[in-house]
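The values are calculated or read from the model by the stated rules, or taken from the named source; none is laboratory data. The structure displayed is predicted, hence computed values, not measured ones. Counting neighbours? That spans all protein chains shown, and the Cβs are built from the backbone with ideal geometry, glycine included.
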Amino acid sequence: MSYRRLILSLLTVATLVCVAAAPVMASEEGGEDPVYSNVGLVFRILNFLIVAYGAWYLFGRVLPKKFRARAESITGAISEAARAKQDAERLLREADAKLAKLDLEIGVIQENAQRDAAAEAERIRAAAREEAVKIERAAEMEILAAGRAAQMELTALAARLAVESAEAVLRKEMTQPTDESLFRAFLSDLARSAN
């Protein structure tokens, strides 16, 4: 049942009660003039009808529109709030999913970083081993070169000492007569080789 029908029904019942109660009220007053009392009753009924119509107009026509408009705005606000709540819940779920994925991604990044760090450490160790081998080879080559140089130097020193010692022996052994005999032998060898 609509508000209008309800208010009209109430006004109709109130009017009928007033009309039915008029003779009873007139009989109770007793001492008043019946014309005046009937006129007063009519005016009271008319007054009641005007007030009832005003109430019906206010409650039956104006307020329901305002209430309906307010209810519609409240309903719209509620539906907008429900949409906003759904959007917020969706965003929250997405954020939770991203956070879960972020934890997984951080774990993957940490594992990759550890793997890369281990690989880099192994590469550095391998490079250090290769460098140590190169340095060892270079040191061996330098030692060999220094040994050869020392050997050559010793050989040169030995040769020089041998020459000096031979010279010293020859000086002691070489006398004037030995020198002349060697010279003659040289000349004779030269003459033979010329022939």
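Quick one: is F48 in contact with a helix residue (DSSP H, G or I) (Cβ under 7 Å, 6 or more places away or on another chain), assigned to a helix (DSSP H, G or I), farther than 16 Å from L6 by Cα and modelled with pLDDT of 75 or more? Against the criterion (in contact with a helix residue (DSSP H, G or I) (Cβ under 7 Å, 6 or more places away or on another chain), assigned to a helix (DSSP H, G or I), farther than 16 Å from L6 by Cα and modelled with pLDDT of 75 or more), F48 qualifies. Restricting attention to region 102-113, does a residue exist that is in a helix (DSSP H, G or I), at pLDDT below 85 and closer than 22 Å to V13 by Cβ? Scanning region 102-113 turns up no residue that is in a helix (DSSP H, G or I), at pLDDT below 85 and closer than 22 Å to V13 by Cβ.
Between E89, E94, E80, E72, the distinction of being free of Cβ contacts under 8 Å to residues at least 60 places away in the same chain, under 16 Å from the mean Cα position of the chain (by Cα) and surrounded by 10 or more Cβ atoms within 10 Å (Cβ to Cβ) belongs to E94 only.
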